[in-house]
1. Under 7 Å by Cβ, and 6 or more places apart or on different chains, what pairs join a residue from the range 137-160 that is part of a strand (DSSP E or B) with one that is open to solvent by 30 Å² or more (accessible area, probe 1.4 Å) and within 12 Å of ligand 2 (Cβ to nearest atom)?
2. How about the range 220-233: which of its residues are open to solvent by 10 Å² or more (accessible area, probe 1.4 Å) and either small (Gly, Ala, Ser) or within 14 Å of ligand 1 (Cβ to nearest atom) (or both)?
3. Given the options 112, 147, name the one that is farther than 27 Å from residue 25 by Cα and modelled with pLDDT of 95 or more.
4. Do any residues in the range 197-214 that are farther than 13 Å from residue 145 by Cβ and open to solvent by 80 Å² or more (accessible area, probe 1.4 Å) have Cβ atoms under 7 Å from those of residues that are modelled with pLDDT under 95 and in a helix (DSSP H, G or I), where the two are at least six apart or on different chains, and which pairs are they?
5. Regarding the range 252-261, can at least one residue be identified that is open to solvent by 10 Å² or more (accessible area, probe 1.4 Å), of a type in the set (D, E, K, R) and more than 13 Å from ligand 2 (Cβ to nearest atom)?
6. Quick one: is residue 131 over 14 Å from residue 41 (Cα atoms) and either open to solvent by less than 10 Å² (accessible area, probe 1.4 Å) or of a type in the set (A, V, I, L, M, F, W, C) (or both)?
7. If we keep just the residues of the range 262-290 that are in contact with a Phe, Trp or Tyr (Cβ under 8 Å, 6 or more places away or on another chain), open to solvent by 10 Å² or more (accessible area, probe 1.4 Å) and under 23 Å from residue 307 (Cα atoms), which is farthest from ligand 2 (Cβ to nearest atom)?
8. Can you find a residue in the range 300-311 that is within 16 Å of ligand 1 (Cβ to nearest atom), touching an Asp or Glu at 6+ places or on another chain (Cβ under 8 Å) and either closer than 22 Å to residue 68 by Cα or open to solvent by less than 40 Å² (accessible area, probe 1.4 Å) (or both)?
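The values are calculated or read from the model by the stated rules, or taken from the named source; none is laboratory data. Only a predicted model underlies this, so the values are computations on that prediction, with no experimental measurement involved. Note: ideal-geometry Cβ built from the backbone for every residue, glycine included; neighbour counts use all protein chains shown. Quick note on the areas: whole protein, heavy atoms, side chains included, nothing else; ligands and nucleic acids left out. Shrake-Rupley method; radii C 1.70, N 1.55, O 1.52, S 1.80 Å.
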Amino acid sequence: MPRYAPQSASTSPRFSGIRTFMRLPNIKEMEDVDFAVVGIPFDTGASYKTGARFGPGAIRETSTLMRNFSMNLNVNIFDHLSGIDYGDLDITPGYILESYKQIEEGLQPIIDAGVVPIAMGGDHSITLAELRAVVKKHGPIALVHFDSHLDTWDQYWGQKYTHGTPFRRACEEGLIDTEHSIQIGIRGSQYGPEDVQGSIDLGFDVLTANELHEIGVAEAGKRIRDRVGNARTFLTFDIDFVDPSAAPGTGTIEIGGFTGYETLSLVREMKTLNFVGMDLVEVLPTIDPAGLTSYMAANIMHEFISILALQKKNTSK
Ligand code: MN
Ligand code: MN
């Protein structure tokens with residue numbers, strides 16, 4: 001049996017105890033570990049509302065409600081996977097380049113050990129540092145990017161490193177295999193037609209929210225799978241992909257998004273992809289009074305972990 005699993009809810013109620021993701025052990029051990037959840041509480045890259053530094057804590061809090069069995073994928077996660085909550089990486093609030101260095105170095109022991117990192121932001125600027133760390137081991141990777149925004153702008157206020165620019169920088173640094181990458185859920189008002197064109201020029205496929213609403217989840221899933229193939233893949237999930245009616249606690253909301261049902265169904269469509277890491281970013285608990293947004297985030301992470309478990313189950317048959 002896998003070594004590390006959540007504390008049993010049948011011996012201690014889920015609302016009790018110190019908060020870790022899904023009540024996993026808070027350790028930094030890498031032996032016999034398949035995935036490590038890690039908080040990156042950095043929000044200096046935000047261009048509008050700030051507060052995503054409190055995201056990891058809020059996701060941990062609501063994640064204690066998550067149970068181990070995925071009914072839809074017919075897999076009990078911890079029959080197949082051993083997981084830990086690594087805690088938070090050190091960052092330096094207000095200083096993005098210093099924090100990038102800390103994030104890249106902080107993730108290295110996890111990645112070097114062959115453990116799948118599942119990061120909780122933080123704003124979306126952190127993903128650039130995560131990609132640097134992941135690519136150091138795996139080489140350029142396919143990116144599946146859920147977001148209402150492209151995050152491929154060149155600069156904000158003359159600054160190159162913000163939560164609106166990480167994927168342009170990542171392309172410039174050669175971190176992304178854009179030929180196998182896709183951005184999904186793009187919507188809202190834009191600065192101009194050059195916004196979407198900018199992503200296409202970098203080599204991304206862009207599936208806008210309108211298109212996704214029109215073609216539906218199953219067809220969109222096929223488009224993602226066809227695009228990515230069997231490339232090593234990093235999933236980056238900005239919670240503002242979800243409609244603000246279901247996930248209001250985020251800093252730059254856009255109308256016309258996706259329900260919780262659609263979101264989880266679409267994540268499940270990716271159950272055959274070859275994932276090497278994931279992050280979930282942009283949860284702002286201070287404007288999330290009912291905890292809907294952080295619980296949505298926890299569910300998306302749960303879906304991703306269930307996919308890893310299913311893949312392990314299928315290969316060990
Ligand atoms: Mn984003
Ligand atoms: Mn966004």
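1. Here the result reads 156/47, each pair linking the range 137-160 to a residue that is open to solvent by 30 Å² or more (accessible area, probe 1.4 Å) and within 12 Å of ligand 2 (Cβ to nearest atom).
2. Across the range 220-233, the qualifying residues are 229, 231.
3. Just a single option satisfies the conditions, and that option is 147.
4. Hits for this filter: zero, empty list.
5. Looking for residues that are open to solvent by 10 Å² or more (accessible area, probe 1.4 Å), of a type in the set (D, E, K, R) and more than 13 Å from ligand 2 (Cβ to nearest atom), one finds none in the range 252-261, hence no.
6. So residue 131 fits the description; yes.
7. Once the filter is applied, the top-ranked residue is 276.
8. No - not one qualifying residue is present in the range 300-311.
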